[in-house]
Every structure is written in C-alpha cells, then in structure tokens.
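Contents: one structure, followed by commentary.
The values are calculated or read from the model by the stated rules, or taken from the named source; none is laboratory data. Since the model is a prediction, treat every value here as computed from it, not as a measurement. Note: ideal-geometry Cβ built from the backbone for every residue, glycine included; neighbour counts use all protein chains shown. Just the protein is used for accessible areas: all its heavy atoms, side chains included, with ligands, DNA and RNA removed. Shrake-Rupley method; radii C 1.70, N 1.55, O 1.52, S 1.80 Å.
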Amino acid sequence: MSRRIMIVDDEPATLAAFEFHFRRADFEVRTASSAESALGQLHDFRPDVLVTDVHMGGMTGLELLAKVNQAMPDTDVIVMTGQEDMGTTIGAIRGGAYDFLAKPVDLEQLDLLVARCMRDRAARSRAKAGDAAAAEDTLRYGVGRSPQMIEIYKLIGMLSGTRAPVLIRGETGTGKELVARAIHEYSPWADEPFVAINCTALAESLLESELFGHVKGAFTGAVADRRGKFELAGSGTIFLDEIGDTSPAFQAKLLRVIQEKEFHPVGGERARKTQARVLAATHRPIEELVRQGRFREDLYFRLRVVEIRIPPLRERRDDIPVLAEHLLARAARELKKDVRVIPPRVMQMLQEHDWPGNVREMENAIMRAAVMARGSALSPEGFSLAPSLAPAAEEEEGDGLVTLAQAQQRHVERVLNHTRGNKSRAARILGISRPRLDRLLAAYQSGTVEEIDA
C-alpha cells in the first residue's frame with residue numbers, strides 16, 4: 001500500500017517539523033500552508049491521510065474536511081485542535097473526520113494514530129477484495145457514532161499508548177471486554193498476550209493460583225509448578241472482569257502487584273516480577289462497596305487512574321440501526337445465509353426495546369432472527385425479546401406498595417436472573433451465605449415469604 005500524508009497548517013515551523021518526521025518514517029509527504037493550497041494539490045498527490053489544523057487564515061480545517069470528504073472520500077482526515085475547540089472537534093468527527101489530536105501535538109501520539117489509520121485502511125482494502133471478516137476485526141470496536149461512543153473511541157486512542165491502569169464501568173452486556181481489547185490491540189504492545197479473567201467464575205483460592213501461579217505442593221493437587229497469568233502475559237495486558245466481586249484479601253494482593261510490579265506464587269517464597277498492564281471492569285456500584293468496607297479504597301484509586309463508562313444501549317438508541325446492521329452482517333456470515341435486510345417495522349421494534357441485556361442481548365436476538373428468517377429479510381416473528389425485569393404494576397398491591405419481605409423476594413429473583421441462576425455469585429451480590437440463599441429459595445417455593453436478616 002502507498003504511504004502518502006499531507007500536512008495542512010499555517011505555522012511554517014509545524015510544517016517543517018512534521019515533514020521531517022514523516023519523511024524519516026518512509027512516508028511521501030506534502031505540506032500546505034492553507035486549506036486552499038491543500039485542495040489545489042489534492043488530486044495530484046492523492047494522500048492516504050490528511051492532517052489539518054482547524055483555525056487558519058481563509059478556509060477552516062472543518063471546511064476543508066467537508067470538501068475532502070466530497071472530492072476524495074477514501075482519504076482519512078485527522079483534525080488538530082486546541083483544547084478550547086473540543087465542541088468543534090466532536091462536530092468534525094460527526095462530519096467524517098477519522099480522529100482528532102489536541103495541540104500542541106505529541107509526535108508519538110500522532111505516530112500511533114497514523115499507524116492505526118493505516119491499519120484500518122489496509123483492512124478496508126482487504127474487505128473490498130472480499131475479506132469482510134478482516135475488516136470486522138478492525139472495525140468491530142467502532143460500531144456506533146453516538147456522542148457517548150465517540151468519547152469512548154477518543155479515550156481508547158489516548159490510552160492505547162500508555163501503561164496506565166483503566167477501570168471500565170458498565171452494565172452487563174455493554175461490551176466492557178471489547179473496550180479492553182481495543183485498548184490493548186491499538187497499543188504498541190498489541191503483539192503481547194491479552195489475558196482475560198472473569199473474577200466471579202473462580203473461587204478465591206483458584207483465582208489466586210490462576211493469576212499468580214503456584215509451586216509444587218502448595219495445595220492438594222499441585223503436583224508441579226504452574227506459571228500464572230501475570231507471568232504468562234509478559235508485557236501485555238491482564239483484564240480483570242467483575243473486579244467488584246473479589247474479596248478484600250485478594251484485593252490486598254492485587255494492590256501489591258500494581259504498586260510493586262511483583263507477586264508471589266501461591267505457596268512460593270520468592271517474588272516474581274511482572275510488566276503486565278492491568279485493566280479492570282465492573283458492573284457493580286464500586287463506590288458503595290468502598291463505603292461498606294467490601295472493596296479497598298486504595299485499590300479503587302489505583303485502578304481508577306482513568307475511568308471509562310460504557311452507556312447502556314437504551315441510552316444511545318441512535319446507535320441501534322448501525323449496530324443492528326453490523327450484527328446482522330456478522331450473523332449472515334457465520335450462518336452462511338443470505339439474510340441482509342432489516343425492514344422498517346423490525347427496526348422500529350428494535351429501537352423501541354429497552355435491551356436490558358444490552359449489546360449481548362441484541363447480538364443473540366439478531367442471530368435467532370437470522371436463523372428463523374425464510375428469505376433475505378428479518379421478520380418480527382423471528383424475535384423473542386426479553387421482557388423488562390421490572391415487576392408488573394398489576395402484581396403490586398394498593399398504590400404500588402409491597403411489604404419489605406415481598407420487595408426482598410423480588411430483588412433476590414432479579415439478582416438470580418442477572419447471574420443466570422449462578423447461586424454462588426448471587427449470594428455474593430446479596431451479601432449473604434450460599435446456605436442462607438438456599439433456605440430463602442426453599443421458603444419462596446413453599447409459598448412462605450421470609451425476610452433477609454439485617
């Protein structure tokens with residue numbers, strides 16, 4: 001592929017510095033001191049990437065963006081702007097800019113952004129040649145153009161070049177692991193391992209062994225030394241999903257790993273070093289857990305160097321059409337089935353649904369509808385959407401008021417629904433023992449409503 005870049009700025013020093021920098025990186029470079037000059041060179045040079053300032057004498061960078069998108073839509077435009085122009089930059093991204101950088105520009109950050117842009121161009125080129133799956137690998141993180149998602153994409157771009165811990169917040173099914181993978185895959189350490197661990201899927205002792213490893217004889221069944229995920233990850237990324245469900249004892253050990261960059265295998269006496277970056281995620285109200293003493297405040301601040309909040313799908317309904325089309329295309333490829341049309345009445349149904357399970361629920365719903373489709377279009381009958389988890393109004397007594405015991409029973413049932421019947425995890429969320437939960441469920445089944453002890 002070609003490597004042509006055009007720099008547009010009215011500051012001669014910036015043009016000279018960027019030209020020297022990119023020529024050393026084996027790019028063909030053209031510079032222009034105004035938007036008008038850039039347009040005059042556009043068709044002759046045909047840049048792959050155009051980097052432009054916003055405020056220049058005469059035509060602005062945003063006006064140049066619109067003209068480039070119209071005249072040469074295959075050229076990707078990166079906008080440079082001062083911090084005071086954030087609102088303008090968001091408008092630019094909506095208008096088709098590939099991304100933005102704040103001035104003064106960090107050349108290392110610009111290098112990462114241009115490299116990512118070139119990878120995306122390569123994926124689009126392969127997609128035109130028929131390799132749609134390759135394009136999806138690059139673009140799967142960028143489904144949705146709502147203002148909330150645009151801010152997340154910007155954060156991913158900013159964070160990918162750093163080693164700072166990140167805390168990713170969001171409801172179940174919003175795509176927290178996908179965001180973590182994007183941070184890793186767009187980083188200079190993308191060739192290193194990405195290791196994901198669901199903290200609720202393992203008992204505490206097994207979780208420690210999984211992450212830190214163990215030595216022979218550390219516990220029954222430890223017949224040989226075993227390397228843990230922190231050691232196997234090298235300089236890559238450890239993603240700790242549902243960190244809010246871990247115990248304070250485990251949290252103390254994790255805090256040491258983040259602070260000291262070292263850990264002890266279970267049963268081991270000698271510390272081992274790690275260079276792995278830690279990303280963590282939770283759907284829990286972690287600040288409340290800190291107040292209750294169930295989550296260490298020092299670990300919370302260590303993990304929350306940067307926080308990314310992923311909005312639920314119901315709060316970004318404008319993304320539903322593009323997300324639905326994306327998921328349908330993927331389902332059609334997996335099923336090897338020619339189903340590609342979402343009729344208006346189906347799209348309206350998708351946009352009106354609350355999606356309590358978020359993107360994961362939509363993915364499953366569209367896959368089912370694609371399986372059930374008899375032609376190239378989805379039908380309303382192919383969907384079986386999950387009802388709202390809120391209790392029906394007609395089941396409530398009086399003016400919607402219920403007893404404390406009834407409210408507790410409904411809450412227990414909702415937590416079990418959320419954990420998909422995992423009683424151990426439900427008990428941890430409820431703050432009660434597993435035997436206590438079993439007794440409650442037996443009482444509910446017999447028709448006896450029993451209160452949870454305070």
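Some notes on this structure:
- Shape of segment 167-234, Cα gyration tensor, a/c cut at 1.5: oblate
- Above-threshold pairs, the threshold being 23 Å between Cα atoms, out of K103/K176; K229/K423; K229/K253; K154/K253; K253/K423; K176/K229: K103/K176; K229/K423; K154/K253; K253/K423
- Cut-off 19 Å (backbone N to label point 7 Å along Cα→Cβ of A122), residues of segment 41-68: 48-50
- Membrane-span-like helices in the chain, defined purely by DSSP H runs whose alpha carbon atoms cover 20 Å or more axially and whose average Kyte-Doolittle hydropathy reaches 0.5, are 320-335.
- Accessible surface, 1.4 Å probe, highest first, among residues R24, R368, R410, R169: R24, R368, R410, R169
- 14 Å beta-carbon shell around L289, net charge (K/R +1, D/E -1): +1
- Spatially, segment 202-231 and segment 249-308 are offset by 18 Å when compared through their Cα centroids.
- Modelled this way, with points 7 Å down the Cα-to-C-beta line, the labels at H21 and D44 are 2.6 nm from one another.
- Rg/Rh for the chain (Cα atoms only, Rh after Kirkwood) is 1.02.
- Backbone N within segment 271-290 under 14 Å of label point (7 Å from E262 Cα along the Cβ vector): 271-275
- Cα-based shape type of segment 156-293, given that a ≥ b ≥ c are square roots of the gyration tensor eigenvalues and the cut on a/c is 1.5: oblate
- Ordered by 1.4 Å accessible area with all protein chains kept, K216, K337, K253 run largest first as K216, K253, K337.
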